[in-house]
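Quick note: the coordinates plus some simple rules give every number you see, no bench work behind them. Only a predicted model underlies this, so the values are computations on that prediction, with no experimental measurement involved. A quick note on method: Cβ atoms are made from the backbone with ideal geometry, for glycine too, and the neighbour counts reach across all protein chains shown.
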């Protein structure tokens, strides 16, 4: 019936419900069909019937023709096909015994809706923190398969109002080509018991006008036998739509494998993590006195319990990034006092929304986050500690790590051995050099005993002279043996050809600075031989 209206009839109908009456005829038809589809009140049906009777009664009185036979009434049902071809075919249908709700409910192919007279709960989608809904373009509508094929198609036709187009055009760019105000498509399970999260059907594809829209892909999975997961997020259709009063056609292709899905179209404003943080700082700060009362409640003595808690420690390091907290927050539903950094928490959920508390691994949605005012105050007053302890009375005290004390003489290098030829073996940083006729042949493991005693320098089989040894002291505990590494140079007579002066002096990291030198008594050296190859570059 609406498709057969003239421009004047369409303008009267749209003016009756307060809609815009400007535009071409196909735009007026689109608005009228949307009105019938989503706002089918009895008054609207009465007005449509009145306009229809007014027109065709006049036409019937001018041209006395019998009404068409009843068997031809079914031809007027597929209204969407005539509209898709851009032509409005006038139907001369009788006005008696016509089921108007059943007629209008078949406008969307595959997106059938029940008449508004039937009370049925609607599908609801969960609120997304990073999306603020401005308008609902299409309520969640069930995808109904048209045949027994596995792959189904469900088209939808809609048009934006001038105000909506202006909102999109005047919005800022989040990134090149992406506006902050968007038209998004959301898909979920058809379940009216609770708000539903976004869930894609299998083999989903979305076509906007004449182009396919990109859909988020699957996360790669390295675990064998584990099915890859797909991030189900709102699908942005803005860049493929006509930002004018022209109609847009969306076709959803989906796999029919037994589960029922619903789709909805929304005009939203996408938020950033910085904007959500600013909103949280505005409305989500918990007063320090309330936080202090919560600490007292946690540490209150339970008369029925034999164990009393006198304090609880809270780290000032964020468990997410292992950095000092800047904006401490937690969920109101969490039972712990430990906080995490709101800045990094929002940034992580902006990339991959999970909204799980990193401390207790329980849900921590955005609308339940609070900023701990007491801990924020502590962070400004205590800058030299990484941990604090709450006491029973609600007060707190910092916990500072004790500095490690070293009981060893902090000397850089001590010479433990001397050459039997009277030349002192200097350290790697010394000014003297080891004689060139000393070759490097091995590495010795030297154990310095805790008790001093006298002895003779060790010798090596096949060497006519004692082997000069050298090393340096390392930090140790008094009364305990120290494990040292040293180089041993063997004296090679010039008659045997000598050894080329390739010296590789061993270096040990973390040698303390010198404060005082202590004389060492002669000690015996226990050698354990291991092969050694000089390292290049030393």
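Of note:
- Residue order for 244, 211, 171, fewest other beta carbons within 10 angstrom first, comes to 211, 244, 171.
- Which of 215, 44 has the fewest Cβ neighbours within 10 Å, and the rest in rising order: 215, 44
- Once the convex hull of all Cα atoms in the range 131-271 is built, its volume per residue stands at 142 Å³.
- For the range 275-399, the orientation-averaged shadow of the C-alpha convex hull comes to 8.1 nm² (one quarter of the hull surface).
- Neighbour counting of Cβ atoms within 10 Å sorts the residues 351, 46, fewest neighbours leading, into 351, 46.
- Estimated translational D of the range 223-337 in µm²/s (Stokes, Kirkwood radius over Cα pairs; 25 °C; 0.890 mPa s): 117
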